[in-house]
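The values are calculated or read from the model by the stated rules, or taken from the named source; none is laboratory data. Model, not experiment: these values are computed from the prediction. Don't worry about glycine lacking a Cβ; one is built from the backbone with ideal geometry, like all the others, and counts go over all protein chains shown. Calculation scope for accessible area: heavy atoms of the full protein, side chains included, ligands and nucleic acids excluded. Shrake-Rupley method; radii C 1.70, N 1.55, O 1.52, S 1.80 Å.
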Amino acid sequence: MHDGLVLFGILSALLIGAVSPGPSFVMVSRIAVTSSRRDGLAASLGMGVGGALFASLAVLGLTALLSQVSWLYLVFKIAGGSYLVFLGIKIWRHASEPLIMDTAAMNAGPQEIPPRPAHKSFRKSFGLAMLTQISNPKTAIVYASIFASLLPANPPLWILMVLPPLIFMIEAGWYAIVAIVFSGRHAKRAYLGGKTWIDRFAGLVLGALGLRLITDGLRP
């Protein structure tokens, strides 16, 4: 198969995986709707960096270590699942707290809207999103599986070199779209109208995904 078609097949498979709903989608959309478009885009960059990191590990073959050393893979799954459970509980506990937004700014358009005095900074949103992305070591295994199934036995060096930055563009690009959509004034108004239940649902989803990751790791 032509090298270009191989690369296209890999990127298409990873794009489908990125678009599929999961903890990353929940986190980016929540950051965008509760904070600002700037914070949401920071989160999308964090997702891109996390994806590029996993891709680099897969290219270097380090993910084979996780699949072969069962106890190490178990440690990463429990740690990642515990982190998601922690986030879910935190969001649930603060679901009933009021969120103050500048109504005039919301009516003016989808510009930067500080939701509260202690809103997330660009750096914090970036870090939170990246940690959420890398909290699931199964993603690294999925990347490695796709590479193993679609890459030739001796892939050209240029493909291995361009995969991490291209995956960064896919992950960051998709979540940038999510951030832009959920940072709009209509999304923010809808969120304010049902904040408590929306936050509780988001917390429940993150907690359930974390517990699933933990139970998968503990399952014999």
Those residues of segment 32-47 which are buried (at least 24 other Cβ atoms within 10 Å of the Cβ) and within 9 Å of Ala129 (Cα to Cα) amount to Ala42, Ala43, Ser44, Gly46, Met47
The condition from (1) open to solvent by 40 Å² or more (accessible area, probe 1.4 Å); (2) among the β-branched types (Val, Ile, Thr); (3) more than 22 Å from Ser56 (Cβ to Cβ) that Val178 misses is numbered (1)
Checked Leu53, Leu65 against criteria (at pLDDT 85 or above, open to solvent by 10 Å² or more (accessible area, probe 1.4 Å) and under 21 Å from Leu213 (Cα atoms)); the one match is Leu53
_Suppose the filter is open to solvent by 70 Å² or more (accessible area, probe 1.4 Å), touching a Gly at 6+ places or on another chain (Cβ under 8 Å) and of a type in the set (A, V, I, L, M); does Met130 pass it?_
no
Taking first residues from segment 131-158 that are assigned to a loop (DSSP other than H, G, I, E, B) and second residues anywhere that are basic (Lys, Arg), the pairs with Cβ under 9 Å that are 6 or more apart or on different chains are Asn136/Lys77; Pro137/Lys77
